[in-house]
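Notes to accompany the following structure.
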Amino acid sequence: MYNEPWKEPLLELSVDELKTAQSFISELIQTLEVLQESKTEPIIIFPPEKNINIDDRRAEKRFDIEIEGVCSVMERGVSEIFPEIPIRIKDISKHGIRFVIDRPLTPGDILTIKFYLSSIKTSGQLYKNPQKKIYVEVRRVFESLTSTGVKYEIGAQSVESERVIELIKEREKYTLINKQLAAKGDVKIVIVSMKEARSKYLEDLLQRQGYIVYEANKKQQAIALLRKNKCDIVVSDLDTVRINEFELLKDIRDEFPDMGSIVEIETIEDWMHILSFGVSDYLTKNFSDRELNIIIESVQKKLLYKSMFGSHLRKRQQANQNVLVVSGNEIFKKLLCNVSKGKGLRLFFVNSTGHATAALKRYKIDFILVDTEVGGLDGCRFLMDIKKKFPNIVTAVASKNLQERCDFLINGADNFFAEPIAMKEILALVS
């Protein structure tokens with residue numbers, strides 16, 4: 001039993017240390033098994049899903065039944081209810097419902113379901129009124145071929161009527177954000193730079209775009225402008241913000257925490273360093289006019305989302321999140337597995353945008369991380385499609401090439417990770 005050399009250090013550990021090691025090894029085995037499976041399976045889930053046996057389902061007051069009903073899809077942006085579609089209910093509980101339908105639904109769809117539950121079908125006090133109208137959110141969709149054609153088994157979670165109203169208002173806010181992004185004349189930008197010629201060029205460029213622009217060449221002047229005018233975004237460069245150990249960034253972070261800030265950098269290391277000062281985004285050295293416009297709009301969008309959805313996002317971050325990862329990088333996957341532990345995150349690993357699309361049709365997804373080594377041009381088209389069909393999903397891209405990010409941001413990505421990816425960046429996004 002004790003002949004193998006690797007066992008000798010374990011014999012010197014205490015019982016508590018051995019228990020800690022045992023827990024670590026169990027988690028490591030689980031992670032490695034997931035990564036091993038990801039080489040052959042199109043969609044791998046971490047932590048792995050657990051099968052629920054019939055006894056557990058009964059304990060949760062879930063009833064296996066076969067009754068007819070109807071459902072209608074409620075668009076999140078309007079109060080209109082679409083035509084009723086026949087369904088066959090398989091089972092039901094206080095928290096959700098499972099049914100079969102002959103047309104596809106999308107995870108995240110909000111449904112109104114109506115059915116009549118006879119007294120013969122029930123026991124206990126689960127439903128006092130047999131005629132039911134409930135709201136649910138689609139969580140899973142499974143497609144199967146039967147003798148009568150293609151059928152879709154739907155797993156949906158109960159939603160309170162108040163939450164349905166919130167979802168409609170949420171969609172109205174998204175529409176308002178898009179309108180405000182187009183109204184550039186309401187956005188105030190301060191350019192802070194010691195480089196006078198460069199500063200003047202940026203001022204003229206942004207003014208032609210319709211922004212209200214102020215200019216400052218030192219910290220004191222910039223802070224005075226920010227105090228006098230309710231500004232939205234500060235644009236600066238690394239040489240300017242470095243003065244007095246990044247004093248400008250520290251003062252903006254402390255006095256104007258809700259303001260966006262953009263800094264021109266040269267290397268990934270520069271970006272990793274200024275992240276701690278709350279900088280919203282960066283520009284690469286000798287950036288183009290196009291890149292500047294894209295990054296300013298990206299920061300403005302983040303500020304509007306934070307302003308309109310602040311409390312909602314905090315609530316959502318406390319709930320379990322489903323993260324779809326499009327990557328073939330084993331190191332990246334292992335990093336994400338480690339990040340997910342204890343954070344309430346469930347990871348869905350796929351190796352192509354095609355498999356990602358399949359996952360989106362099957363599962364309710366909250367975040368998408370795309371590795372450009374897998375995505376490439378397909379990744380850009382994939383993100384454009386996501387923003388059209390799933391506007392509420394937050395998307396992020398990971399790349400080793402700083403220049404690639406404009407292509408992805410303009411095609412709908414909300415965030416861009418410059419590799420090597422820091423764990424704190426991922427945590428900031430998804431937890």
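Arrange His273, His355 by Cβ neighbour counts within 10 Å, fewest through most, would you? Write out the running numbers ahead of the final one.
Numbers: His273 15, His355 19.
In increasing order of surrounding Cβ atoms, one gets His273, His355.
Report relative contact order for region 183-297 in percent, whole number only (criteria: Cα-Cα under 8 Å, sequence separation at least 6).
Values: 157 pairs, mean separation 25.8, N = 115.
Over region 183-297, the number comes to 22 percent.
Once you put a point 7 Å from the Cα of Glu247 and another 7 Å from the Cα of Lys133, both along the Cβ direction, what distance in nm separates them?
It is 6.6 nm.
Expressed in nm to one decimal, what extension gain is obtained for the pair Val150 and Met384 from 0.36 nm per residue of sequence separation less their Cα-Cα distance? Could the numbers behind the result be given before it?
Values: separation 234, 0.36 × 234 = 84.24 nm, distance 2.83 nm.
Between Val150 and Met384, full extension yields an extra 81.4 nm.
Glu373 to Glu68: FRET efficiency via 1/(1 + (r/R0)^6), r the Cβ-Cβ distance, R0 35 Å, to the nearest 0.05? Don't jump to the answer; show the numbers that get you there.
Details: r = 49 Å, r/R0 = 1.40.
E(calc), rounded to 0.05, equals 0.10.
Measuring from label point to label point, each 7 Å out along Cα→Cβ, what is the Ala358 to Asp239 span in nm?
Spacing of the two 7 Å Cα→Cβ label points: 5.3 nm.
In nm, what is the difference between 0.36 nm times the number of residues separating Ser307 and Asp254 and their Cα-Cα distance?
Details: separation 53, 0.36 × 53 = 19.08 nm, distance 1.80 nm.
17.3 nm is the gain from fully extending Ser307 to Asp254.
Rounded, prolate or oblate: which fits region 188-270, taking a ≥ b ≥ c as square roots of the Cα gyration tensor eigenvalues, rounded meaning a/c under 1.5, else prolate when a/b beats b/c?
Values: a/c = 1.57, a/b = 1.13, b/c = 1.38.
The shape class here is oblate.
Along Cα→Cβ, 7 Å out, is where each label goes; now give me the distance between the ones at Arg290 and Asn392 in nm to one decimal.
If labels sit at Arg290 and Asn392, their model points lie 3.4 nm apart.
Starting at the first residue of region 231-246, write each ³J(HN,Hα) from the Karplus equation 6.51 cos²θ - 1.76 cosθ + 1.60 with θ = phi - 60°, in whole Hz, x for Gly and Pro.
The phi angles translate into 8, 9, 9, 10, 10, 9, 10, 5, 4, 6, 6, 5, 4, 6, 6, 6 Hz.
Using only C-alpha atoms and all pairs of different ones, pull out the Kirkwood radius for region 158-314 in Å with one decimal.
Numbers: mean 1/r = 0.0601 Å⁻¹.
Result for region 158-314, one decimal place: 16.7 Å.
Every number here is computed from the coordinates shown, using simple stated rules; none is lab data. Treat the numbers as computed from the prediction; the structure is a model and nothing was measured. With ideal geometry, Cβ positions are generated from the backbone for all residues, glycine too; neighbour counts draw on all protein chains shown.
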